[in-house]
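Worksheet: one structure, shown below.
The values are calculated or read from the model by the stated rules, or taken from the named source; none is laboratory data. Treat the numbers as computed from the prediction; the structure is a model and nothing was measured. Don't worry about glycine lacking a Cβ; one is built from the backbone with ideal geometry, like all the others, and counts go over all protein chains shown. To get the accessible areas, we keep the full protein, side chains included, count just its heavy atoms, and leave off ligands, DNA and RNA. Shrake-Rupley method; radii C 1.70, N 1.55, O 1.52, S 1.80 Å.
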Amino acid sequence: MKEKLDAILKNGLSEIENANDLKVLDEVRVKFLGKQGELTSILRNMKEIPPEERKDVGMVANVVRNKLEEAISSKLAVLEEENLIKEMEKERVDITMPSKGTKKGSLHPLTRFNNKFIELCVEMGFTVIQTPEIETDYNNFEALNVPKNHPARDMQDSLYITDNILLRTHTSPAQVRAMHTFKPPFKIVCPGRVYRNDDDSSHSPIFNQFEALVIDENISLKDFMAMVKAMAVRLYGKDVKMRVRPSYFPFTEPSIEIDATCQICHGKGCSLCKGTGFSEFFGGGIVNPKILEMAGIDSKKYSGFAFGPGIDRSVMVLNRIPSIKYLFRNDMRFLKQMR
Ligand code: PHE
């Protein structure tokens, strides 16, 4: 009997050793250790063995079984590992292959312009703020010395929500909010969307402005001009020329309109600048002392300047965009060209 068990062990081990895939290994397991297996049938027929041999045979049979089980489980581990490696080999990705190219988004031309402007203002020490697009009539008009009969308050131009609430018609309410929030001296800019009831080929009901306000002691028109010049040089290069025209805003006194070298013809004169070589750059002026007083700032001690260019037109000129409407339609064909 013992010889028989030795033979089973020997054959079993060699069959296990030679099993080269999981299926074959399982067949080997069934053949030796399964219910009908060679070893199992010996154990089952123990009663046919003479009683004096039974104990020894039983012991040897158990040792054989343990050895076979051990051999099977280590072979199993080896085969599974091999399988895993094969799978991984199949799924291998060559990360050095050039990609098919992904579609990348890009920033809207307005955002690009704004970012450039914000960067410049932050370098100059401005704090960037954002104020609500839905404003009170007071912040949008009253506190800015816009009289009740001013055309900008006309229902035709402003988009009112209630009698006292409207979509801001300019970013200048940011001046009012800043004066109530910060203690002088301060410098703020507020880029943002503004709304007017205006809709034709060259006007959009939505457009964008960039408000700036500087309040300090002894601020004069000279400071204003120096800062605008520095900004123009940064945006348009050191050869930029500027000219100043008188203007009117209820909240600045005096008010001026500043033109800079046309960026399309570089001063030669073109259809866009109507042959003048200049295009509108900034509108602004010295903060009307009345505005400071209304906000509780001592106008004898403090003065300031403010400006609030519309930026859509500059973006159109710089990117040769023929109509302001393109800026707000989000037409993919247009946006792709603007990359
Ligand atoms: N808010 C004015 C406008 O919309 C522009 C402006 C801003 C003028 C700041 C003076 C000072 O036309």
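Solvent-accessible area assigned to carbon and sulfur over the stretch 2-90 amounts to 53 percent, based on a 1.4 Å probe. Put a dot 7 Å past the Cα of Lys300, heading toward its Cβ, do the same for Glu91, and the two dots end up 8.1 nm apart.
Note on the stretch 109-337: with neighbouring protein chains present and a 1.4 Å probe, carbon and sulfur make up 52 percent of its accessible heavy-atom surface. Accessible area ranking (1.4 Å probe, heavy atoms, ligands and nucleic acids excluded), largest first, for Ser299, Ser201: Ser201, Ser299.
Across the cross-link table entries Lys222/Lys301; Lys116/Lys238; Lys116/Lys241; Lys241/Lys301, which are compared at the Cα atoms, the separations over 28 Å belong to Lys241/Lys301. The gain in end-to-end length when the Lys104 to Met46 segment is fully stretched comes to 13.2 nm, 0.36 nm per residue minus the alpha carbon separation. Residues His108, His203 ordered from highest to lowest accessible area at a 1.4 Å probe: His203, His108. By the combined test of axial Cα extent (at least 20 Å) and Kyte-Doolittle hydropathy (mean at least 0.0), the qualifying DSSP H helices of the chain come to 221-236.
In summary, the lysines within cross-link reach of Lys75, defined as a Cα separation below 26 angstrom excluding same-chain residues under 8 places away, comprise Lys2, Lys4, Lys10, Lys23, Lys31, Lys35, Lys67, Lys86, Lys90.
Is the shape of the stretch 168-256 rounded, prolate or oblate, going by the alpha carbon gyration tensor and its root eigenvalues a ≥ b ≥ c, with a/c under 1.5 for rounded and a/b larger than b/c for prolate? Oblate, because a/c is 1.5 or more while a/b does not exceed b/c.
Under 5 Å from the amide H of Thr252 lie the amide H atoms of Asn288, each residue being 5 or more positions distant or on a separate chain, with H modelled from the backbone and absent for Pro and chain starts.
With a/c under 1.5 counting as rounded, go ahead and sort the stretch 2-90 into rounded, prolate or oblate using the C-alpha gyration tensor (a ≥ b ≥ c being the square roots of the eigenvalues; past the cut-off, prolate if a/b is larger than b/c, else oblate). Mind showing how you got there, number by number?
Numbers: a/c = 3.51, a/b = 2.97, b/c = 1.18.
Because a/c hits 1.5 or more and a/b exceeds b/c, the stretch 2-90 counts as prolate.
State whether the stretch 109-337 is rounded, prolate or oblate according to the following rule on the C-alpha gyration tensor (a ≥ b ≥ c being the square roots of its eigenvalues): a/c under 1.5 gives rounded; otherwise a/b larger than b/c gives prolate, and the remaining case gives oblate.
Values: a/c = 1.69, a/b = 1.20, b/c = 1.41.
Oblate shape, in that a/c is at least 1.5 and b/c is the bigger or equal ratio.
The slack between His180 and Leu76, meaning 0.36 nm per residue of separation minus the straight C-alpha distance, is 29.7 nm.
What does the extension gain come out to for Asp163 and Lys4, with contour length at 0.36 nm per residue minus their alpha carbon separation? Don't skip to the answer; put the middle values down first.
On the way: separation 159, 0.36 × 159 = 57.24 nm, distance 10.65 nm.
In short, 46.6 nm is gained.
Charge tally for Thr171 (other residues, Cβ to Cβ under 9 Å; Lys, Arg +1; Asp, Glu -1): +1.
From Cα pairs below 8 angstrom and at least 6 apart in sequence, can you work out the relative contact order of the stretch 109-337, rounded to a whole percent? Could you put the intermediate results ahead of the total?
Working: 411 pairs, mean separation 44.9, N = 229.
This gives 20 percent for the stretch 109-337.
Protein heavy-atom accessible surface, 1.4 Å probe, per residue over the chain: 60 Å². For the chain, Cys121, Cys190 have no disulfide-compatible partner, since no other Cys C-beta lies under 4.7 Å from theirs. Modelled spin-label separation between Asp200 and Val128, with each label point placed 7 Å from Cα along the Cα-to-Cβ direction: 3.5 nm.
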